[in-house]
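S.K.: For reference, the structure I am asking about is given below.
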Amino acid sequence: MKPYSLSIISSTLLLTGMTLVMSGCDKSEAPDHTVTHESATNPQNSADSIKKYAEMFSGCYTVSHDEPAQIKVSQQAQGLVMQMKEPQSANRVWDDPEPLEPIDLDKVSKYFSIDSNNVDGIIGRPDRVFVVAQVKQAYVNIDPTLDSPYLGYILQGANTIYKVECDDKPAEDLSQSSKKESDDVGNITIKPAGKVES
């Protein structure tokens, strides 16, 4: 079995669950009522600010550094957006764009256990189901728990995420991941260690 096969299944389950929850969220209901007010009056939503955050965050992300891209952040006409990679059965690579907005640095502790002085920027969906922070490289260099300058808050859980190359390959269906894993297990060849005398 390949060492990353279980990781692919875990991240597929996570992202499948995230997609279901995110698609089921009523966009008119933000869990924190101050979020709606904050986004309406926040000067961080200016064109210059959006451009700055787009330069900081545009790209693709994954939950494990040895896996293909699963989330894409980009700047489109409507501002910053995120898209989730779709399975091959969806007949498209990325789902419909969902808006992202800059978040004030004083809200960092609400999502991550890191001092806001160590963060360059933070963005998230208006419903805050998905939030990404970029940690200052100087802090990443001294904190042994960080092996990436990006932190992701997904479905009320925070962890390191990785910026990876964007690609246009559909996500593997969970059934395909399971089949590949069972095929890998079935193809194990046991070789003797060392010299074998006849």
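S.K.: By average Cβ neighbour count within 10 Å, what is the ranking of 59-71, 102-114, 142-154 from highest down?
M.R.: Final packing ranking: 59-71, 102-114, 142-154.
S.K.: State whether the range 37-152 is rounded, prolate or oblate according to the following rule on the C-alpha gyration tensor (a ≥ b ≥ c being the square roots of its eigenvalues): a/c under 1.5 gives rounded; otherwise a/b larger than b/c gives prolate, and the remaining case gives oblate.
M.R.: It is oblate, given that a/c is not under 1.5 and a/b is not larger than b/c.
S.K.: In addition: Please compute the net charge surrounding residue 161, taking Lys and Arg as +1 and Asp and Glu as -1 over other residues with Cβ under 12 Å from its Cβ.
M.R.: Once positives and negatives cancel, what remains is -1.
S.K.: Given Cα pairs under 8 Å that are at least 6 residues apart, what percent is the relative contact order of the range 43-124?
M.R.: Once normalised by length, the contact order is 22 percent.
S.K.: While we're looking at this one, here's another question. Could you run the Karplus curve 6.51 cos²θ - 1.76 cosθ + 1.60 with θ = phi - 60° over the range 65-80 and give me ³J(HN,Hα) per residue in whole Hz, x for Gly and Pro?
M.R.: After applying 6.51 cos²θ - 1.76 cosθ + 1.60, I find 4, 9, 10, x, 4, 10, 10, 10, 10, 8, 9, 10, 3, 7, x, 6 Hz.
S.K.: Would you mind classifying the range 66-134 by shape? Square roots of the alpha carbon gyration tensor eigenvalues, ordered a ≥ b ≥ c; an a/c under 1.5 is rounded, otherwise it is prolate if a/b is larger than b/c and oblate if not.
M.R.: Because a/c hits 1.5 or more and a/b exceeds b/c, the range 66-134 counts as prolate.
Read-outs: derived from the displayed coordinates by stated rules, not from any lab. Computed from a predicted structure; not experimentally measured. With ideal geometry, Cβ positions are generated from the backbone for all residues, glycine too; neighbour counts draw on all protein chains shown.
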